[in-house]
Amino acid sequence: MISTQRFTLRLTTFVIGAMCAFILIATTPAFAVQVERVVSKGGIEAWLIRDHSNPITTMKFTFRGGAALDPVGKEGLADLAASTIDEGAGDMDSNTFQQTLDARSISISFDAGLDTFQGTLRTLNKNRDKAFDMLRLALTEPRFDADPVARIRAQILSKIEQDQEDPGYQARRKAMETAFKGHPYARSSSGTLESVAQITRDDLKGFVARRFARDNLLIGVVGDIQADELKGLLDAAFSGLPAKAAPWEVAKIKPDLSAGVDITPMKVGQSAIQFAQPGISRDDPDFYTAYVLNYIVGGGTFVSRLYDEVREKRGLAYSIYSYLMPMDAGAAIMGGSGTANARAGETVATIRDVWAKFAAKGPTVSELTDAKTYLTGAFPLRFTSSSSIAATLVAMQEDGLGIDYIDKRNAFIEAVTFEDAKRVAKSLYQPDKLRFFIAGEPEGLPTE
């Protein structure tokens, strides 16, 4: 994805001020953040947190359905659309559109994920009406003129070529292709050199017509704005969209993995390592237990078991991590590291050993206590900017967490018991399905 965010010094100054204000709000003992449900006259719903400390409004919005829906042979369509949709709209060409935004300190940007197509709007309140009207134009009347599309396409193609020489990217790609073989998740959201070259203006126009609608739209807003003011702006920006989008769900899939190693030969001094096994969905009753367990295994950075065994005790890698990846249609546990080619075999063996011991015995009482203390204590750090807060509001809607989730979230972490942790560790962590994907010239490992 080629970033289309354009920030001015003036807007950045205000954003920094907003960040500081929200740090104070989020770290109060009561952690009191009021989320309001706002519904416009046209039926557009948004979740709002008011912050009157600075004259800024930030909005995050998501359309369900992303790059996984790209047509076969046109992979990269959602990504190219995200990169070009603000390159001119209505009667404004690319330069005019961007100059209008910059002159008013308005930022509008878009990004395409596998499951969603996201957008961000940031504006000084004095330019708010204009900002929402510019967003309306981008969503309903994008031009996709030949020159800016060609320019952005060239940038994306250049990035794809660079990725072919990046061992970390190649290891991640192989992991996704193997874990989700035969499924849209196996495809790169950026597309390929061949597929991106085939995308036409009609394809981009068709993407907008199919994907942007009111029934797949989720919105989070943070800023110095009243509910009644927001209602009018929501209608101004989004009421012109179609009522219904094309279907956005993709088939469910469970990663099909078995223990082993896949090697992508690359002439580099260090091997990039990715590993994966089947995961857990966001709506699983044991998700919060799995979330805490992942922190202990590899999500806790400097205090995780993987970090202790791989870096601290053996000096095999500079970094080592794991994470839960619950997507709409399938879930995995993934992780990564990088090590000298000569030590790749030892690194893989160490990770396998950590995985197997954790599956067999689970965490210690102290590990569980420390993890829960950190995860509850660090939660307010997610609320240190208006952008991150707005994104959280959207994520809450995506996952069906309820408007009071912020108040309840830490209780879900606290409710994880030692018995839960032992049980879920045994069922979730599966050494016989932990597969490694290595790009480089690793030594001490068989090629499979």
Applying the Karplus parametrisation 6.51 cos²θ - 1.76 cosθ + 1.60 with θ = phi - 60° to the phi angles of the stretch 367-375, what ³J(HN,Hα) value in whole Hz is obtained for each residue in order, glycine and proline being reported as x? 4, 5, 4, 5, 5, 5, 4, 5, 5
For Ser427 and Asn95, extending 7 Å from Cα along the Cα-Cβ vector and measuring point to point gives, in nm, a value of 6.2
Provide the FRET efficiency to the nearest 0.05 for the Ala209-Thr264 pair, computing r from the beta carbons and using R0 = 35 Å. 0.35
Distance between the C-alpha centers of the stretch 400-448 and the stretch 102-133? Whole Å please. 35
Report, to two decimal places, the Cα Rg of the stretch 220-279 normalised by 2.2 N^0.38 Å (N = number of residues). 2.28
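Let's test the formula: R0 of 25 Å, r as the Cβ-Cβ distance of Thr417 and Asp163. What FRET efficiency results, to the nearest 0.05?
According to the calculation, E is roughly 0.05.
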Using a simple spin-label model with points 7 Å from Cα along the Cα→Cβ vector, what separation in nm is obtained for Val365 and Asn125? 5.3
Once both axes come from the Cα atoms, what is the angle between helix 94-103 and the longest principal axis of the chain, in degrees from 0 to 90, rounded to 10? 90
What length, rounded to one decimal in nm, is gained on full extension from Leu193 through to Glu36, with 0.36 nm per residue of separation minus their alpha-carbon distance? 52.0 nm
Find out how many positive minus negative residues lie around Gln277, taking Lys and Arg as positive, Asp and Glu as negative, among other residues whose Cβ is under 13 Å from that of Gln277. +2
For the stretch 260-440, what mean projected area does the convex hull of the alpha carbons give, in nm²? 11.1
Cα-based helix-to-principal-axis angle, 344-361 vs the chain, degrees rounded to 10: 90
Could you tell me how many degrees, from 0 to 90 and to the nearest 10, lie between the Cα long axis of helix 167-179 and the main elongation axis, the longest principal axis, of the Cα atoms of the chain? 90
Set the Förster distance to 25 Å, then compute FRET efficiency between Ala227 and Asp283 from the Cβ-Cβ distance, nearest 0.05. 0.25
Computed label-point distance, nm, for sites Lys408 and Ala103 using a 7 Å Cα→Cβ extension: 4.9
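Give me the net charge for the shell around Asp256: Cβ to Cβ below 12 angstrom, other residues only, Lys and Arg +1, Asp and Glu -1.
+3
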Taking square-rooted eigenvalues a ≥ b ≥ c of the alpha carbon gyration tensor, is the chain rounded, prolate or oblate, where a/c under 1.5 means rounded and, failing that, a/b exceeding b/c means prolate? oblate
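Every read-out reported here was derived from the displayed coordinates using simple, explicitly stated rules and does not represent laboratory data. These numbers come from a predicted model, not from an experiment. So basically every Cβ, Gly included, is an ideal-geometry build from the backbone, and we count neighbours across all protein chains shown.
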